[in-house]
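What follows is a set of notes on a single structure, which appears directly below.
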Amino acid sequence: MTEKDALFEYLLRLGDNALILGHRVSEWCGVAPALEEDIALANTALDLMGQTQMWLGLAGEVEGAGRSADDLAFLRDAWDFRNLLLLERPNGDFGQTMMRQFLFDAFQTLALAGLEASTDQRIADIAAKALKEATYHLERSRVTVIALGDGTEESRARMQAALDAQWPYVGEMFAADAVDAAMVEAGIAPDPAALRPAWDGIVLPALHEATLSVPDSDFAHRGGKDGVRHTEHLGHMLTTMQWLQRAYPGATW
Amino acid sequence: MAATRLSRCDVVSRATTEQVREWLDGVPDPEIPVISVVDLGIVRDVTWQGDTLEVAVTPTYSGCPATSVIAMDIETALRNRGIDDLRIVTQIAPAWTSDWLSDKGRARLEEYGIAPPRASGGPDRCPHCHAQDVERVSQFGSTPCKAQWRCRECLEPFDYFKCI
């Protein structure tokens, strides 16, 4: 794998994480439990879509095959996506959506802070922009997880169930592979494995405050960021997300 | 510029960048029309590149849907002033911060009923009755740049311009 190939792969990971989570979160638009939450979720999704545009735009530029951010988003099949498995899982209830957001926001703020120091100025610039938004998202997802965990019996049970279901998908965020190694070597990106202690420092105290118990297992589902084995949910999601461009290729408005 | 090639702009004495900035100060933000795109701090640079006027604009939030409308409004305003050869470029670094909001913009926001951003992360008073007893309703609001707050004194809800 050349450095250019690795960089392209890495940018797809950044872009696909934002795209897939952004699309999932946008599914709440109009059906969230309260108007304020509906607006908050829609705004979060909007930020993620903006970040997608920048990451996939740069990915297309690096690839040099004339593919735009839209081409990459709408014309690839499930096995070409490089997002974390955690992010493609269905939303579940509001508690599951916010738990997923919190687990990812904590990781994302750390990854983006590392990327701000990237030797690739284009990446550093996008990261600096995205970090401001991610930090704001984390502020909200953190307090929401705490409020729901340390809430009623019903909300606590749902948050514990959300944590138990999502915990096996946490490990993939920190699992480094050859693409990560090439990025670290070139000074382009931080080593994801090295972000774990800081992530624990954000997440564990919040879960404790939320009165939730952290599952006692390191088992990690993998296969999203390298595209080897996505869950069955991604394909279903893409049929909705990509439908218009697939049915009417090149449609614009 | 080469003396052998006189462009139209040289003939009609092209607008100074200060003049252009003044014109842009007349272009309202499409979502908060009481402030201009200059007040918002998103016009980062105005330069002449040869005969082409280049305006660098930075997005407030990366997914803000108003960004393309703003670019179109700027283009329309400048074309109406007779500038045909222009280019609008998106500049993402340094990332926009609400610190770039002008003092005039801050005052206008408050008059309009939107509490201006503050470093402490929340408004110091209600933009309607100026009481200081305010509470946050939601971290997000009707546009990406705003959050929802409420005054405990006059009980009116109001927008707060997020500080980032």
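What follows draws every value from the coordinates through simple rules; no lab data is involved. This is a predicted model, so every value here is computed, not measured. Note that we place each Cβ from the backbone using ideal geometry, even for glycine, and neighbour counts take in every protein chain shown.
Between the Cα long axis of helix A:3-26 and the first principal axis of chain A there is an angle of about 40°, rounded to the nearest 10. Charge dipole (Cα centre; +1 on Lys/Arg Cβ, -1 on Asp/Glu Cβ; no other charges) of the protein assembly as shown amounts to roughly 500 debye.
What is the stretch B:39-164's relative contact order, in percent, from Cα pairs under 8 angstrom and six or more apart in sequence? Across the stretch B:39-164, relative contact order equals 21 percent. Shape call for the stretch B:100-161 from the C-alpha gyration tensor, a ≥ b ≥ c root eigenvalues: rounded (a/c under 1.5), prolate (a/b greater than b/c) or oblate? Taking the square roots of the gyration eigenvalues as a ≥ b ≥ c, the stretch B:100-161 is oblate. In this structure, the amide hydrogen of B:Lys146, modeled 1.01 Å from its nitrogen in the peptide plane, lies closer than 5 angstrom to those of B:Gly141, B:Lys162, counting only residues at least 5 positions away or on a different chain.
Listed by chain and number, the aspartates and glutamates whose C-alpha is less than 13 Å from the C-alpha of A:Lys225, apart from same-chain residues fewer than 8 away, are A:Glu9, A:Asp16, A:Asp80, A:Glu88, A:Glu172, A:Asp177, A:Asp180. Backbone geometry of the stretch A:40-49 corresponds, through the Karplus equation with coefficients 6.51, -1.76 and 1.60 at θ = phi - 60°, to 3J(HN,Hα) couplings of 5, 5, 5, 5, 5, 4, 4, 4, 5, 5 Hz, x marking Gly and Pro. Principal-axis analysis of the Cα atoms of chain A puts helix A:94-115 at an angle of about 50° to the longest axis. Of the DSSP H helices in chain B, those that are both long (alpha-carbon extent of 20 Å or more along the helix axis) and hydrophobic (Kyte-Doolittle mean at least -0.5) are B:66-80. Computed 3J(HN,Hα) for the stretch A:182-192, one whole-Hz value per residue from the Karplus formula 6.51 cos²θ - 1.76 cosθ + 1.60 where θ = phi - 60°, is 5, 5, 5, 4, 7, x, 7, 9, x, 6, x, glycine and proline marked x. Lys/Arg Cβ at +1, Asp/Glu Cβ at -1, dipole of chain B taken about the Cα centre: which of B:Val137, B:Ala77, B:Thr58 is farthest positive-ward? Of the candidates, B:Thr58 comes out farthest on the positive side.
Excluding B:Gln132 itself, what net charge comes from residues whose Cβ is under 15 Å from its Cβ, given Lys and Arg +1 and Asp and Glu -1? That sum, taken over residues with Cβ under 15 Å, equals -1. Answer rounded, prolate or oblate for the stretch A:157-253, using the Cα gyration tensor with square roots of eigenvalues a ≥ b ≥ c: rounded when a/c is under 1.5, else prolate when a/b is larger than b/c, else oblate. In terms of gyration-tensor shape, oblate.
Expressed in Å, the radius of gyration and Dmax of the Cα atoms of the stretch B:8-96 are 12.8, 41.
Taking amide H positions as modeled 1.01 Å from N, with prolines and chain starts lacking one, the residues under 5 Å from B:Asp29 and 5 or more places away or on another chain are B:Ile35, B:Ser36, B:Val37.
Against chain A, whose longest principal axis is taken from its Cα atoms, helix A:121-149 shows a tilt of about 20°. Evaluating 6.51 cos²θ - 1.76 cosθ + 1.60 at θ = phi - 60° for every residue in the stretch A:50-67, the Karplus couplings come out as x, 5, 4, 3, 6, 5, 6, x, 5, 4, x, 5, 5, 4, x, 9, x, 8 Hz, glycine and proline recorded as x.
Straight-line reach from A:Lys129: which lysines have a Cα under 16 Å away, not including same-chain ones fewer than 8 places off? Within reach: B:Lys162.
At the listed q of 0.09, 0.12, 0.14 Å⁻¹, the Debye profile of the protein assembly as shown, built from one uniform point per Cα, gives log10 I(q)/I(0) equal to -0.62, -1.06, -1.34.
Put simply, chain B fits an ellipsoid with semi-axes of 38, 14, 12 Å; these come from the alpha carbon gyration tensor as the roots of five times its eigenvalues, largest first.
Of the residues A:Ser217, A:Phe94, A:Ser141, the one whose Cα sits farthest toward the positive end of the charge dipole of chain A, with +1 on the Cβ of Lys and Arg and -1 on the Cβ of Asp and Glu, is A:Phe94.
Taking other Cβ atoms within 10 Å as a rough exposure proxy, B:Asp85, A:Asp5 sort from fewest to most as A:Asp5, B:Asp85.
Apply the a/c threshold of 1.5 to the C-alpha gyration tensor of the stretch A:67-139 and tell me whether it is rounded, prolate or oblate. It is oblate, given that a/c is not under 1.5 and a/b is not larger than b/c.
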